[in-house]
1. May I ask you to list pairs of residues, at least six apart or on different chains, whose Cβ atoms are under 8 Å apart, with the first in region B:1-23 being more than 9 Å from every other protein chain (Cβ to nearest Cβ) and the second being among the charged types (D, E, K, R)?
2. Just give me the residues in region B:24-40 being polar (S, T, N, Q), more than 10 Å from every other protein chain (Cβ to nearest Cβ) and part of a loop (DSSP other than H, G, I, E, B), in sequence order.
3. Could you identify the single residue in B:D41, B:D66 that is modelled with pLDDT under 95 and not aromatic (F, W, Y)?
4. Condition (residue is of a type in the set (F, W, Y), without any contact (Cβ under 8 Å) to a residue 40 or more places away in the chain and either within 10 Å of chain B (Cβ to nearest Cβ) or under 30 Å from B:D66 (Cβ atoms) (or both)) applied to region A:57-78: is it met by at least one residue?
5. Would you check if A:L92 is buried (at least 20 other Cβ atoms within 10 Å of the Cβ), without any contact (Cβ under 8 Å) to a residue 60 or more places away in the chain and at the interface with chain B (Cβ under 7 Å from one of its Cβ atoms)?
6. Looking only at region A:41-56, filter to residues that are under 23 Å from A:L119 (Cα atoms) and within 13 Å of another protein chain (Cβ to nearest Cβ); which one of those is surrounded by the most Cβ atoms within 10 Å (Cβ to Cβ)?
7. Just need a number here: residues in region A:57-89 that are over 17 Å from B:L10 (Cβ atoms) and either in a helix (DSSP H, G or I) or of a type in the set (A, V, I, L, M) (or both).
2 protein chains.
Amino acid sequence: MSITLFLLFLLACCGAGATGAVFQPGAWYKSLEKPDWTPPDWVFPVAWTTIYLCISFAGARVAVLDGNEFALAFWAIQGAFATLWTPVFFGLRRLKGSLLVMVVLWPAVAGATWFHLQLDVWAGLAFLPYLVWVTVAAALNFRMWRLNPDVTPIRPGEL
Amino acid sequence: MSITLFLLFLLACCGAGATGAVFQPGAWYKSLEKPDWTPPDWVFPVAWTTIYLCISFAGARVAVLDGNEFALAFWAIQGAFATLWTPVFFGLRRLKGSLLVMVVLWPAVAGATWFHLQLDVWAGLAFLPYLVWVTVAAALNFRMWRLNPDVTPIRPGEL
């Protein structure tokens, strides 16, 4: 595996990772009603860091293989929509809007897992933690939306 | 060119495109000091739509070619950082932060242009409008940061 390619895919992950750093949850997130299986706060950065390392490894593995077109197209989709989720949830407080992001993100991760697996078993396996996590995150987003019907969105254009 | 691949890369662009739709500029943007060469508002969605169509075409062209690893890694980086820029600028009002995003986005677009051009001349040419635009956008971001030293950031976690 090329270390340069690994670092380039990891740089793409930093786009999504940066949203977690700059859109802080704060008191508002603490005040949300959450299902009792919500992971503790420290799990989120640990999970995402693990995922970013794994999918950067996966991207670097398949990038040099013939027939990687669908694997890398799905890789690019998940990268953009993973970057979109946090600003919509924490920046705009649009719980339904972020669920719509999940409607694209979940199939993008599932597709990426599938197409990576077709090319390289280690790359496919490296996407599995992400598939598990995005399933949990989508379920959590859905439950939070249903449990908190009265959240007031932030409208930055009106502030 | 595969229409399916074109649509998949276009879907990735929709992540960045959605930020323009949900993070509206509003009165705050109008009130910013801007250089006199700032394009009128209508130019932005037209430019971005053109760019998204062009780079989706470029991605679909190179995705089926051997040796596409750097082209598609840079494609993925630009997709994530293009999605990051708008929430940082309009959602957080962090003009210096969004300039830092540009510090990654500009080389990502330049790298994508270069590596697409090595594989396929049409794909490389299709990235050129993006390279021109992101150069203008980075210059504009820099000037706005310098002209508006007293912008108060939005801190969603504290609202």
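1. Matching pairs, first to second residue: B:M1/B:R61.
2. If the condition is that a residue be polar (S, T, N, Q), more than 10 Å from every other protein chain (Cβ to nearest Cβ) and part of a loop (DSSP other than H, G, I, E, B), then B:T38 is the only one that fits.
3. Answer to the selection: B:D41.
4. For region A:57-78, residues of a type in the set (F, W, Y), without any contact (Cβ under 8 Å) to a residue 40 or more places away in the chain and either within 10 Å of chain B (Cβ to nearest Cβ) or under 30 Å from B:D66 (Cβ atoms) (or both): absent.
5. Answer is no for this residue.
6. A:I55
7. Qualifying residue count for the region: 16.
Every residue, every condition in (1) touching a Lys or Arg at 6+ places or on another chain (Cβ under 9 Å); (2) closer than 17 Å to A:L84 by Cα, yes or no:
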| residue | (1), (2) |
| --- | --- |
| B:C13 | no, yes |
| B:A16 | no, yes |
| B:T19 | no, yes |
| B:V22 | yes, yes |
| B:K30 | no, no |
| B:K34 | yes, no |
| B:P45 | no, no |
| B:L53 | no, no |
| B:S56 | no, no |
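The values are calculated or read from the model by the stated rules, or taken from the named source; none is laboratory data. Everything quoted here is computed from the prediction, not taken from an experiment. Ideal geometry is used to build each Cβ from the backbone, glycine not excepted, and the neighbour counts take in all protein chains shown.
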